[in-house]
Amino acid sequence: MAAKAPARLTVLSGPSGVGKGTVVAEVRRRHPDVWVSVSATTRRPRPGEVDGVHYHFVDAAEFDRLVATDGLLEWAEYAGNRYGTPAAPVRAQLAAGAPALLEIELQGARQVRARAPEAQLVFLAPPSWAELVSRLAGRGSEPAEVQEARLAIAQAELDAAGEFDVVVVNDDVARAADELVGLLTAPSPGLVPGE
Ligand code: ADP
Ligand code: 5GP
C-alpha cells in the first residue's frame, strides 16, 4: 500500500530583518490555502498590524496564563518581548492532514525540534550581512537601540544555520516564496514511496 505522507509541520526561522514576514506574506498572497500559525505576543502592534491576523496581541498576564496552561507549542523572549505559538490550532491543522507553517525565532525553532522531531526546519538567510543590516534599518520600524539589539541577536542566529534541515536564501522574495511552498508539500525525507 502506498504510504500517505504525514501532514508536515514546517518552521521558518532566520534573523530579524531577513524578510521572514515578507516571504510568508508572499506565500499567502500566491497560495491563500497555505495555513500559517498566528503567534501570541506581548509586543505592541506596529502601524497596520491587526490583532488576530498578524499576531494575537496580549498583555503579560494573558501570556503567563498561556504558558501556565501549556497552551503554547513553544515560546521565547526576544528583544524584550515574549512570543509564542498557540498549540491547539497547529494540532488541529495537522490532525486534519494539512501542512502548517510557523514563522518563529531560533529559540522557538529549537523547542519545536525537541517536541516534534519530525518537523522540518527551514532557515531563511540573507544574501549577505550588509544586506541584512540595510534591510533592518530600511524597515524603519524600530528605534536605533532596538535595531542594535536585533542585529546582535542576528549575528548569533546566523551561526545557527547549520542546525536547520534546509537553508533558503532570500535574494528575491518571489523566488524564496516559491522555494518555501515547494518545501511545505514535499514528501518527508526518509519516507519511502510505496512502503
Ligand atoms: P523579518 O520578518 O525577518 O524581521 P521583514 O519581512 O520585516 O523581516 O523584512 C525586513 C525588510 O527587508 C523589509 O523592509 C522588507 O521589505 C525587506 N525585504 C524583505 N525581503 C527582501 C528581499 N528579498 N529583497 C529586498 N528587500 C527585502
Ligand atoms: P517581530 O517583533 O519582528 O514581529 O518578531 C520578532 C521575532 O519574533 C521574529 O524573529 C519572529 O520570527 C519571532 N516570532 C514571531 N512569533 C513567534 C513565536 O510564536 N514564537 C517564537 N519563538 N518567535 C516568534
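Okay, here's what the table says:
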read-out	value
Residue under evaluation residue 170, criteria (1) more than 12 Å from ligand 2 (Cβ to nearest atom); (2) of a type in the set (S, T, N, Q); (3) surrounded by fewer than 20 Cβ atoms within 10 Å (Cβ to Cβ), criterion not met	(3)
Helices (runs of 4 or more DSSP H) enclosed by segment 97-182 - at least 1 residues per element that are aliphatic (A, V, I, L, M) and over 22 Å from residue 39 (Cα atoms)	129-139, 144-159
Residues satisfying the stated conditions in segment 18-46, i.e. at pLDDT 95 or above, more than 15 Å from ligand 1 (Cβ to nearest atom) and in a loop (DSSP other than H, G, I, E, B)	35, 42, 44
Single residue of 89, 15 found to be out of contact with any Lys or Arg (no Cβ under 7 Å at 6 or more places or on another chain), on the phi < 0 side of the Ramachandran plot and not in a helix (DSSP H, G or I)	15
Criterion: more than 9 Å from ligand 1 (Cβ to nearest atom), modelled with pLDDT of 90 or more and of a type outside the set (Gly, Ala, Ser) - qualifying residue of 146, 167	167
The listed residue being within 16 Å of ligand 1 (Cβ to nearest atom), of a type outside the set (Gly, Ala, Ser) and at pLDDT 95 or above, out of 55, 78	55
Matching entry among 96, 61, 88 (being surrounded by fewer than 16 Cβ atoms within 10 Å (Cβ to Cβ), in contact (Cβ under 8 Å) with a residue 60 or more places away in the chain and aliphatic (A, V, I, L, M))	96
Given (1) touching a residue at least 24 places away in the same chain (Cβ under 8 Å); (2) over 25 Å from residue 137 (Cα atoms); (3) within 11 Å of ligand 2 (Cβ to nearest atom); (4) not acidic (Asp, Glu), number of the condition residue 83 does not satisfy	(2)
Count - residues of segment 65-86 that are in contact with a Lys or Arg (Cβ under 9 Å, 6 or more places away or on another chain) and not aromatic (Phe, Trp, Tyr)	9
Looking only at segment 113-132, and only at residues there that are without any contact (Cβ under 8 Å) to a residue 24 or more places away in the chain and more than 28 Å from residue 9 (Cβ to Cβ), the one that is surrounded by the most Cβ atoms within 10 Å (Cβ to Cβ)	131
Where residue 49 falls short, out of the listed (1) within 10 Å of ligand 2 (Cβ to nearest atom); (2) touching a Lys or Arg at 6+ places or on another chain (Cβ under 8 Å); (3) without any contact (Cβ under 8 Å) to a residue 24 or more places away in the chain	(2)
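The values are calculated or read from the model by the stated rules, or taken from the named source; none is laboratory data. If you're wondering where the values come from, they're calculated on a predicted model, not measured in any experiment. Here the Cβ is made from the backbone with ideal geometry for all residues, glycine too, and neighbour counts use every protein chain on show.
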